[in-house]
Structures are given as structure tokens and as C-alpha cells.
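The structure appears right after this line, and notes come after that.
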Amino acid sequence: NYGRLMFAKGDLKRAEDLCRRSLMLRGKILDRWGLVQCLAPLAAISIVKGDASRAAALHGAINALLESVGAQPPPIFRADFESSLAATRAAIGEEAFANSFAVGQKLSLEKIIKFALSTNNETKSAAEIR
């Protein structure tokens, strides 16, 4: 949540660092709902950084995790989540969004974490995660 707060304040570097650190910890205990809470701000940060394809793949991963626990984004996060989805679609168009979303949705839990922790220098897309 602190990462989400830093994002809201415009401190993208700190927000990204906090979300990644939390992602590592939540990944170790396989906390799927906690992973969603980390991935959502990372997707929004990707949009701000101009990497909508990455954001779409992260949204696909979020969707897969939510489905695995039978949940929807809670009302308190829903507005931010929907805004991020809309910005991602607007940035790359519906077809590219759907393709990247589908790739993210098919990632295993381990690969979701690996992709979310990678940087743009390490990988260009979720499809490159092995």
C-alpha cells in the first residue's frame, strides 16, 4: 500500500521499488491476493513510463491471479484499476492490448513474478520470460 501511496504522490521510482520488494516477499509465501496488490501499481507505472504492452501483460497476470482466488478488485482499488486498464487500451489499441493481456494471463505464478521483477532492459515482453 505504501507503494501505491508513493505512486499517487508521483514518486514513481520509490513506488516501483516498494512494489517490487513487496512482490518478492509475497511471492515467497504464494500470496496471490498480495501479488495483485503489487502488480496493479506496477502496471500503472508502466503506463506512465510509456510501456503499455508491459502494462497490458501485467493486467493479464492480475486477471489470472484474481480468477485463481475467485475475486474481483475491491471497491477501494477498483477506480484505479479501471483507469489503468483504460489508459493501457488507449495507449496501444484494443488488438495489441488483447494480445499482451492474453500472454500475461497465461503466465505461471513463477513467471508472473519473474516478469514483474524484470526491467525493460532485461526483457521486452512477457512472452520472453522462460
Which of the residues that make up the stretch 1-53 are over 25 Å from residue 67 (Cβ atoms) and crowded, with 23+ Cβ neighbours inside 10 Å? 15
So is residue 94 out of contact with any Pro (no Cβ under 7 Å at 6 or more places or on another chain), acidic (Asp, Glu) and modelled with pLDDT of 95 or more or not? yes
For the stretch 56-82: of the residues being touching a residue at least 40 places away in the same chain (Cβ under 8 Å) and among the small types (Gly, Ala, Ser), which is surrounded by the fewest Cβ atoms within 10 Å (Cβ to Cβ)? 64
Search the stretch 88-116 for residues being in contact (Cβ under 8 Å) with a residue 60 or more places away in the chain and in contact with a helix residue (DSSP H, G or I) (Cβ under 6 Å, 6 or more places away or on another chain), and hand back the single one that is most open to solvent (accessible area, probe 1.4 Å). 113
Would you mind stating whether residue 61 is assigned to a helix (DSSP H, G or I) and in contact with a Pro (Cβ under 9 Å, 6 or more places away or on another chain)? no
Number of the condition not met by residue 85 [criteria: (1) open to solvent by less than 40 Å² (accessible area, probe 1.4 Å); (2) of a type outside the set (S, T, N, Q); (3) modelled with pLDDT under 95; (4) farther than 16 Å from residue 43 by Cβ]: (4)
If you scan the stretch 1-56, which residues turn out to be under 17 Å from residue 81 (Cα atoms), part of a loop (DSSP other than H, G, I, E, B) and of a type in the set (Asp, Glu)? 51
Right, residue 49: touching a Leu at 6+ places or on another chain (Cβ under 9 Å) and of a type in the set (Lys, Arg) or not? yes
Could you go through the stretch 65-88 and let me know if any residue there is touching a Ser or Thr at 6+ places or on another chain (Cβ under 7 Å) and not in a loop (DSSP other than H, G, I, E, B). no
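The values are calculated or read from the model by the stated rules, or taken from the named source; none is laboratory data. For clarity, every value in this text was computed on a predicted model and none was experimentally measured. Ideal geometry is used to build each Cβ from the backbone, glycine not excepted, and the neighbour counts take in all protein chains shown. Heads up: the accessible areas ignore ligands, DNA and RNA and are worked out on the full protein's heavy atoms, side chains in. Shrake-Rupley method; radii C 1.70, N 1.55, O 1.52, S 1.80 Å.
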